[in-house]
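Undergrad: Below is the structure I would like to discuss, written out as structure tokens.
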Amino acid sequence: MEYKIATMAEMAAKGESPEVLFWVGCAGSFDDRYKRVTTAFVKILNHAGIKFAVLGQEEACTGDPAKRAGNEFLFQMQAMANIQVLNGYEIKKIVTACPHCFNTLKNEYPSLGGDYEVIHHSTYLQQLINEGRVKVAGGAFKGKKITYHDSCYLGRANQVYEAPREVISALDADLVEMKRCRTTGLCCGAGGAQMFKDAEKGNKEINIERTEEALSTGAEVIAAACPFCMTMLSDGVKNKEKESQVRVLDLAELILASKPDLSNS
Amino acid sequence: MTYLPQIAFLAILAVAGFMLFGRIRQIRKNILLGRPLDRSDRKSERWKTMLLVAFGQQKMFKRFIPAFFHFFIYAGFLIINLEVLEFVLDGLLGTHRLFAPFIGSFYGVAINFFEFLALAVLVACVVFLIRRNILRVARFAKPEMKGWPALDGNLILVIESILMLAILTMNATDQLLQTQLPEAYHQTGTLYISSVLIPLFDGLSTGTMVVVERFAWWFHIVGILAFAIYVTYSKHLHIFMAFPNTWYSNLNVKGKFENMETVTNEVKMMLGIQSDQAAPPAEVGRFGAKDIMDLSWKNLMDAYACTECGRCTSECPANITGKKLSPRKIMMDTRDRMEEYGSFLAKGGEPGADGKSLLGDHISKEEINACTTCNACTEACPVNIDPLNIIVQMRQYVAMEESGSPASWNTMFSNIENNFAPWKFSPSDRFNWANELKQEPSKD
């Protein structure tokens with residue numbers, strides 16, 4: 001089987017429409033680490049037989065970091081350009097592996113004329129598992145300790161707390177919680193456009209504080225569901241020289257890795 | 001019978017009422033310095049939020065120990081006010097224990113219940129004083145708490161303790177007088193908690209006892225009136241503001257930041273998109289917030305509702321890791337600036353001409369730049385205050401009016417503008433990830 005990745009332009013040319021549009025996001029498109037999450041998710045979509053499309057080169061930054069940093073002009077310019085593309089293709093449903101894209105598309109595009117059903121990939125994966133379209137139980141993570149780091153823009157921002165945890169539980173893994181989790185989950189330090197600048201003067205980096213908490217659970221996998229959290233926690237694990245014992249993995253990667261027959265790498 | 005005490009009481013009541021009214025008017029004026037914002041929708045949800053969060057203390061109970069003791073003071077405040085009503089009527093009518101004849105033996109039960117609450121308040125105040133001054137709970141020892149805020153916190157607890165002791169003293173001497181002058185004092189039956197204090201006063205002459213009882217009565221009621229005025233200058237104002245503040249809560253999901261309509265109009269013009277509004281957009285003031293009048297009235301109400309508990313700050317990732325940002329300080333600064341600017345205007349100052357501003361004179365860029373917008377602060381706040389919204393509005397001012405964002409953010413802005421990604425990658429490479437995958441053979 002060859003992996004299908006149709007662009008919206010191709011689909012529209014054939015007069016077809018997708019079941020769901022996969023919004024890849026800038027990190028998913030350009031960041032080497034998060035590209036692996038993108039491909040993991042695409043493989044799962046392919047195996048589940050989902051008719052999906054991507055925007056390819058027609059996708060552009062949602063404007064989230066600009067808005068959070070205070071540049072509302074730039075945000076709205078980006079948003080309106082994206083909305084023109086999305087509305088042009090009559091997009092109804094969007095799935096994305098980035099909580100920041102998810103939040104912006106879901107909550108901030110409607111005021112500018114972009115109304116879509118927007119789902120984060122954690123929820124989408126959970127639904128695929130529940131519907132039996134993706135089978136994961138009894139895989140490589142059976143009984144292994146996994147801790148889940150709540151992304152602020154999934155959790156507090158949008159009340160998505162359970163879907164990622166249910167995905168992990170479906171792997172038959174032993175989900176161990178950090179002390180600060182769910183509504184009191186500690187930020188990785190990258191939200192609000194912090195990803196794009198150095199931190200202000202302090203006595204510690206936020207990602208180190210969070211990584212220490214994650215490591216103290218004794219988990220061998222820190223599960224993340226956000227490209228920024230992924231970067232921050234991976235850096236934290238490296239800083240603590242634990243990268244040989246502890247891996248930071250996205251939910252899609254966990255599913256793929258739990259089923260050797262799904263993964264090719 | 002002399003009317004002197006009644007006249008004195010009426011005079012005190014009138015002066016206190018006048019001062020209180022003046023302060024309420026000033027606070028209302030200050031809040032209305034903010035820009036308009038519509039929070040009149042979804043009324044049933046708003047009532048429910050107020051009932052749960054303010055009346056029901058829902059978010060307080062995320063931390064059980066302070067919530068437990070706080071509940072004593074809260075319940076005491078709500079219920080002991082019934083007794084204050086009797087105090088006020090007694091004072092005006094020159095009566096003593098006005099309600100007693102009407103409700104018979106239940107009166108003694110009620111007073112016993114009030115005494116229990118008074119004791120509970122007293123215990124809670126002592127526990128809180130210990131937490132602040134001996135255990136030194138970290139969130140009460142942050143830099144923004146130095147000086148007046150720390151004194152304010154302690155004063156409130158001490159004043160409340162003294163007021164409760166006054167009630168108990170009054171009831172203790174009253175019980176003694178009930179036996180010595182049964183014709184003049186209503187028989188309440190045993191008041192269990194104040195009875196503990198009886199040995200302190202037992203040896204006094206009847207005359208002295210009458211003086212002590214009256215002194216405690218006056219002290220309590222005048223103390224309450226004075227405290228009510230003090231509260232309007234203090235963080236303790238949350239006892240009133242918590243209710244409207246939760247009613248006017250932001251009911252949207254926390255991730256949704258409000259859309260700036262003024263910007264939308266300009267962007268639509270730039271992109272040549274037809275605007276829905278036929279009329280030309282209203283004159284655009286300032287983008288974002290430099291000072292309190294740029295903030296919404298709800299941001300300003302938030303500042304008056306803050307009781308400086310510091311739960312926000314204790315959960316703020318920036319503050320936890322030693323950055324200067326403290327969400328509580330954002331709220332305290334906003335309130336200080338409101339009071340400062342409000343009194344400048346009250347003295348006849350020309351609007352906008354006091355030469356100071358919230359951003360710059362009170363809050364620094366270093367603080368607002370450190371925020372990760374993670375919403376830990378808004379989640380933690382027991383009365384739904386939103387410091388994050390103020391921070392973002394200040395960032396908007398800095399980015400759009402001053403072009404003064406950190407250099408790396410300006411680089412990020414120009415990357416988005418030119419390459420449609422926050423990093424400097426070529427837009428034509430955006431879909432390259434797919435090429436590698438398409439070539440990869442699948443096992444199936």
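The values are calculated or read from the model by the stated rules, or taken from the named source; none is laboratory data. Just so we're clear, the structure is a prediction, and the values are computed from it rather than from any experiment. When we count neighbours, we look across all protein chains shown, and the Cβ atoms used for this are built from the backbone with ideal geometry, even at glycine.
Undergrad: When you check residue A:90 against the structure, is it farther than 28 Å from residue A:192 by Cβ, of a type outside the set (Gly, Ala, Ser), modelled with pLDDT of 95 or more and outside the structural domain of residue A:192 (by TED's automatic domain parsing), yes or no?
TA: Details: farther than 28 Å from residue A:192 by Cβ: yes; of a type outside the set (Gly, Ala, Ser): yes; modelled with pLDDT of 95 or more: yes; outside the structural domain of residue A:192 (by TED's automatic domain parsing): yes.
Against the criterion (farther than 28 Å from residue A:192 by Cβ, of a type outside the set (Gly, Ala, Ser), modelled with pLDDT of 95 or more and outside the structural domain of residue A:192 (by TED's automatic domain parsing)), residue A:90 qualifies.
Undergrad: Can you find a residue in the range B:30-42 that is more than 30 Å from residue B:286 (Cβ to Cβ), modelled with pLDDT of 95 or more and not assigned by TED's automatic domain parsing to the domain that holds residue B:380? Lay out the reasoning, then the answer.
TA: Taking the range B:30-42 and keeping what is more than 30 Å from residue B:286 (Cβ to Cβ), we get none.
No, the conditions are met nowhere in the range B:30-42.
Undergrad: Would you pick out the residues in the range A:163-187 that are more than 10 Å from every other protein chain (Cβ to nearest Cβ) and either farther than 24 Å from residue A:211 by Cβ or part of a loop (DSSP other than H, G, I, E, B) (or both)?
TA: Across the range A:163-187, the qualifying residues are A:166, A:170, A:171, A:172, A:173, A:177, A:178, A:179, A:181.
Undergrad: Same structure again: Mind checking whether some residue in the range A:27-39 is more than 23 Å from residue A:191 (Cβ to Cβ) and touching a residue at least 24 places away in the same chain (Cβ under 8 Å)?
TA: No, the range A:27-39 contains no residue that is more than 23 Å from residue A:191 (Cβ to Cβ) and touching a residue at least 24 places away in the same chain (Cβ under 8 Å).
Undergrad: Continuing with the same structure: Looking at the range B:382-444, what helices (runs of 4 or more DSSP H) fall wholly within it and have at least 2 residues that are within 9 Å of another protein chain (Cβ to nearest Cβ) and at pLDDT below 95?
TA: Details: elements: B:387-400, B:407-419, B:432-439.
Output list reads B:432-439.
Undergrad: Find the helices (runs of 4 or more DSSP H) located wholly in the range A:1-84 whose residues include 2 or more that are closer than 26 Å to residue B:374 by Cα, and list them. Walk me through how you get there before you give the answer.
TA: Details: elements: A:8-13, A:25-30, A:32-47, A:64-68.
Result: A:25-30, A:32-47, A:64-68.
Undergrad: Out of curiosity, is residue A:213 within 22 Å of residue A:162 (Cα to Cα) and surrounded by fewer than 24 Cβ atoms within 10 Å (Cβ to Cβ)? Break it down into steps so the answer makes sense when it comes.
TA: Working: within 22 Å of residue A:162 (Cα to Cα): yes; surrounded by fewer than 24 Cβ atoms within 10 Å (Cβ to Cβ): yes.
Considered against the rule, which asks whether it is within 22 Å of residue A:162 (Cα to Cα) and surrounded by fewer than 24 Cβ atoms within 10 Å (Cβ to Cβ), residue A:213 comes out as yes.
Undergrad: Checking residue B:359 against (1) of a type in the set (A, V, I, L, M); (2) outside any helix (DSSP H, G or I); (3) touching a Phe, Trp or Tyr at 6+ places or on another chain (Cβ under 7 Å), which single condition isn't satisfied?
TA: So the condition that residue B:359 fails would be (2).
Undergrad: What number of residues in the range A:150-178 are polar (S, T, N, Q) and surrounded by fewer than 22 Cβ atoms within 10 Å (Cβ to Cβ)? Even if it seems obvious, please write down each step before you answer.
TA: As a first pass, look at the range A:150-178 and keep what is polar (S, T, N, Q): A:151, A:158-159, A:169.
The next check asks that each one be surrounded by fewer than 22 Cβ atoms within 10 Å (Cβ to Cβ); those that pass are A:159, A:169.
Number of matching residues: 2.
Undergrad: Which members of the range B:353-377 meet the condition of being at the interface with another protein chain (Cβ under 8 Å from one of its Cβ atoms) and under 20 Å from residue B:260 (Cβ atoms)?
TA: Answer for the range B:353-377, where residues must be at the interface with another protein chain (Cβ under 8 Å from one of its Cβ atoms) and under 20 Å from residue B:260 (Cβ atoms): B:369, B:371, B:373, B:375.
Undergrad: Do any helices (runs of 4 or more DSSP H) entirely within the range B:215-325 hold 1 or more residues that are within 14 Å of chain A (Cβ to nearest Cβ) and touching a helix residue (DSSP H, G or I) at 6+ places or on another chain (Cβ under 8 Å), and if so, which? It would help to see each step written out before you state the result.
TA: Working: elements: B:238-247, B:261-271, B:297-305, B:311-315, B:317-320.
Hits in the range B:215-325: B:261-271, B:311-315, B:317-320.
Undergrad: In the range A:44-60, how many are closer than 20 Å to residue B:420 by Cα and within 15 Å of the chain's Cα centre (by Cα)?
TA: Here the count works out to 0.
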